[in-house]
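Here's the structure we're looking at; comments come further down.
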Amino acid sequence: NDCELLKLHLKHFHMTPKNFERRTSALQLPKEIYDRYKRICADCESCQRHRPGPERSRISGIRASNFGDIIFVDHFAVVLKQLSYQVLICVDAMTNLVWATCQASKEPSETVKALSTCWTDWNVKPKNICGDMYFMTKQFKAWYEYHNLNPIPVGECTPWPDRAEASVKLLQKLCNIYIHYLESHDMFIPGVSTITAQHMVKDLVLARDNTVTYAGKT
């Protein structure tokens, strides 16, 4: 009964359903008992509070040995002059070269147009594209298939494999510094008031790509 299953669950330090199946595999228990044990684990407050995080996405077997083999993509929001913009970031896996542009919204059609501009600026046709679940909708997959692009999803709540995340953090920090400078010097330096979000993003990308790294190279 459920009481005996609960005793087993607590006696064996909140044993998971998988371990319960492994330990009782020789008993040939019916599926009903395993389903009951899963319900007990689901109702256990301690198991739900301390359960492990989602499994990391596995992106194995693909290595970037040439420019354009893998492109990482991501978005972040920026506010300039009380207007909100979405910044699309593209990172080449082989060279760590960053490309970014401003979008008025995150509409898929606008993002697709921005990605096409990136390929044109880089003069490359990527083979694989890695991004979060926003970039894995039906509309994007149809565009990838048309351009013979292989999509690599990172999975929900698993941003670790997406190397564009690091560039997002860096550019967000630089954006805040840049915006603070614009706001404090708006009245003193000619031309500052006419700087747009697109100009700002392009300046920051240029600064990032020309910064000397730990290896002594840009």
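The values are calculated or read from the model by the stated rules, or taken from the named source; none is laboratory data. In this text the structure is predicted, and so the values were computed from the model without any measurement. Methodologically, a virtual Cβ is constructed for each residue, glycine included, from the backbone with ideal geometry; neighbour enumeration extends over all protein chains shown. The accessibility values were calculated without ligands, DNA or RNA, using every heavy atom of the protein model including side chains. Shrake-Rupley method; radii C 1.70, N 1.55, O 1.52, S 1.80 Å.
At-a-glance table
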quantity	calculated
Those residues of segment 121-150 which are open to solvent by less than 40 Å² (accessible area, probe 1.4 Å) and either hydrophobic (A, V, I, L, M, F, W, C) or closer than 19 Å to Met94 by Cα (or both), in sequence order	Trp122, Val124, Pro126, Asn128, Ile129, Cys130, Gly131, Phe135, Met136, Phe140, Trp143, Leu149
Hits in segment 106-136 (condition: under 18 Å from the mean Cα position of the chain (by Cα) and more than 22 Å from Arg63 (Cβ to Cβ))	Lys106, Glu107, Pro108, Thr111, Val112, Ala114, Leu115, Met133, Tyr134
Some residue of segment 150-160 being part of a helix (DSSP H, G or I) and at pLDDT below 90	no
Of residues in segment 88-120 being of a type in the set (S, T, N, Q) and either under 22 Å from Lys169 (Cα atoms) or touching a Leu at 6+ places or on another chain (Cβ under 9 Å) (or both), the one surrounded by the fewest Cβ atoms within 10 Å (Cβ to Cβ)	Ser105
